[in-house]
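Asks: Handing you this structure, nothing more for now.
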Amino acid sequence: MPSRKWKLTFESKAAKLQAMSIEKDDPLRDELAQQGSLLPADASFRRLRVPEDYFADLEERILQRLSAEGVCRPFSTASRFHLRAIGRWAAAAAVLVLGFWWAHRQRVSADQKAASAMELSTDDIATYLLARPEMVDPQELSAVLPVETWMFTPLDSADGAPSWELFLRDLSTEELDKLNL
Amino acid sequence: MPNRDTTPSDEHILRLLQSEHTYEQGFRLLVRAYGKSLYWHIRRLVLVHEDADDVLQNTFIKIYQGIERFEGKSKLFTWLYRIATNEALSFLESRRRQQAASLDDGEDPLVRRMHADPWFDADGLQRRLYEAVARLPEKQRAVFNLRYFEEMSYEEMARILNTSVGALKASFHHAVKKVETYIREQSS
């Protein structure tokens, strides 16, 4: 059981501390005093023991442990900067490659379109349009193709009706009179 | 905190740590400058010298591997203390899990270990103080230690423990009350 002497010492210390806190600006003392704490605030009171020369060879022991465990420093700060630079260059190169690829693709696509348009002959166009007379105005058709090409060719439409019948269906009464059939 | 009169500046240490060739020299200086203060910070958290030595070495291994993650946004000292605190709290957590599985004889396991430590020879009020500290919850112990033993400002503590100043003040106040209550109970 703690002695009365100890309790008195403890309390007198606290009283002393409170008195000291008035004399000197000390945040911890002030704070403990404000709390009415009896805890002593002097540094000598708070010491713990440590083996002699413990700190003298601390560096060596830590480096030995690092070596024994094979701990490697991943990268120095300098090499990290190099890695960052490499990363930036790689990103720029990737953007350039993507740009070239896109431009190349655009050019190839345009060339292919031009090539496929050039490959069509007048006959191809006529065949295509004659198979789909509903898509083209007869006047427009006559503008691009000779009249004999489309007017008297008995091609069948998709529903089996002769194409000239479809053509006649689209003509007005005046135009039919003019045809003189 | 390291003695600024006798230790190299943080800038000098960091400059040395930036180069492959001077890294070891920089690391040695870092250990020399901060080893002692980190040891005491850890020792007051784990309370047993052997454990403190183990945690301190683990802390420096983490620092050795991760110094390049230090971005200079806080003081080097704050960053090192944060690593040491986390390392000590993780150690205590794993120790607590191990002890939870073992038989409980009623005495606080940390207090028992502290009494068995040959480097703990406190007596009287100091002994009761450390027993009371050992009984504090770990995070509250960290708050109490930084404020009481290291007299650190609340602003600095907030940066290390990533907590608000108000919460730290309240935590310290409660910790002081708990410590005092324990000491009073043991004394009467």
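Asks: What is the number of the single condition among (1) part of a helix (DSSP H, G or I); (2) modelled with pLDDT of 80 or more that A:P51 does not meet?
Replies: Unmet for A:P51, out of (1) part of a helix (DSSP H, G or I); (2) modelled with pLDDT of 80 or more: (1).
Asks: Taking segment B:145-165 as the search range and keeping residues that are surrounded by fewer than 22 Cβ atoms within 10 Å (Cβ to Cβ) and aromatic (F, W, Y), which one is farthest from the chain's Cα centre (by Cα)?
Replies: Per the stated criteria, the residue is B:Y154.
Asks: Quick check on B:Y39: is it of a type in the set (S, T, Y) and within 11 Å of chain A (Cβ to nearest Cβ)?
Replies: Yes: the conditions hold for B:Y39.
Asks: Working carefully through the options B:R113, B:R128, find the one that is of a type in the set (K, R), out of contact with any Gly (no Cβ under 9 Å at 6 or more places or on another chain), in a helix (DSSP H, G or I) and more than 13 Å from every other protein chain (Cβ to nearest Cβ). Reasoning before the result, please.
Replies: On the way: B:R128 fails: more than 13 Å from every other protein chain (Cβ to nearest Cβ).
So the residue among B:R113, B:R128 that is of a type in the set (K, R), out of contact with any Gly (no Cβ under 9 Å at 6 or more places or on another chain), in a helix (DSSP H, G or I) and more than 13 Å from every other protein chain (Cβ to nearest Cβ) is B:R113.
So that you can scan it fast, the table gives a plain yes or no per residue for (1) surrounded by 19 or more Cβ atoms within 10 Å (Cβ to Cβ); (2) more than 27 Å from B:E93 (Cα to Cα); (3) in contact with a Pro (Cβ under 9 Å, 6 or more places away or on another chain); (4) without any contact (Cβ under 8 Å) to a residue 60 or more places away in the chain:
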residue	(1), (2), (3), (4)
B:P8	no, yes, no, yes
B:S19	no, yes, no, yes
B:T22	no, yes, no, yes
B:R32	no, yes, yes, yes
B:Y39	yes, no, no, yes
B:R44	yes, no, no, no
B:L47	yes, no, no, no
B:D54	no, no, no, yes
B:G66	no, no, yes, yes
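Asks: Here is a further query. Among the residues of segment B:84-93, what is the count of those that are buried (at least 21 other Cβ atoms within 10 Å of the Cβ) and not acidic (D, E)?
Replies: The total comes to 3.
Asks: Could you grab me the full set of residues in segment B:135-155 that are assigned to a helix (DSSP H, G or I) and either among the aromatic types (F, W, Y) or within 12 Å of chain A (Cβ to nearest Cβ) (or both)?
Replies: B:F144, B:N145, B:L146, B:R147, B:Y148, B:F149, B:Y154, B:E155
The values are calculated or read from the model by the stated rules, or taken from the named source; none is laboratory data. All values derive from a computational prediction rather than experimental measurement. Positions of Cβ are generated from backbone atoms using ideal geometry, with glycine treated the same way; all protein chains shown enter the neighbour counts.
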